[in-house]
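Structure record follows, encoded as structure tokens.
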Amino acid sequence: MQPSNSGDVAYDDPWYDALASGWGESPDAGVPPARGERDTTVTAADIYLEVQRSAAFQEVRHRYRRFVVPAVVVFFTWYVAYVVTATTSPGLLARPVAGAVNLGMLVGLGQFLTTFLLTWAYVRHARLRRDRAALELRWDTQELARGRGGPS
């Protein structure tokens, strides 16, 4: 049960967000500094914006996009080619290869195989090219959030 704005009625709202309502904040939260006094507090938003603008973060994003964009294009093209071929020329995919196995079955299983290969390639790429840099970035962000500084 949360108190209403008037304070005399309580209601049970499952979507009530205590943090968004100001519960748990310090009494001077949101109060601007007095005239002539500079606000020297660094908010989490400032820290994350600083990290987002950093060269290290941009490099991690660049490495991610350099792998993901071509992989998505290739896989999506392969998938659409399979669906279009199965729809427009079912006779081609109905050709027997060995016994009851036809070309359509092999190409369909190839879809599963390429999904697993793409997942393996993504995990390998992340481990070799991005994980260490992202972990260092996370560490620097936590250091900044704790007020200990860190590399700029």
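The values are calculated or read from the model by the stated rules, or taken from the named source; none is laboratory data. Bear in mind that the values here come from a model prediction, so they are computed numbers and not experimental data. Counting neighbours? That spans all protein chains shown, and the Cβs are built from the backbone with ideal geometry, glycine included.
Selection of region 67-108 for residues being part of a helix (DSSP H, G or I), surrounded by fewer than 11 Cβ atoms within 10 Å (Cβ to Cβ) and not β-branched (Val, Ile, Thr) yields Pro70, Phe76, Pro90, Gly91.
Against the criterion of being at pLDDT below 90 and more than 30 Å from Ala44 (Cα to Cα), Pro151 does not qualify.
Scanning region 52-79 for residues that are over 30 Å from Val107 (Cα atoms), under 16 Å from the mean Cα position of the chain (by Cα) and hydrophobic (A, V, I, L, M, F, W, C) yields Phe57, Val60. None of Arg66, Arg38 is at pLDDT 90 or above and not aliphatic (A, V, I, L, M) except Arg66.
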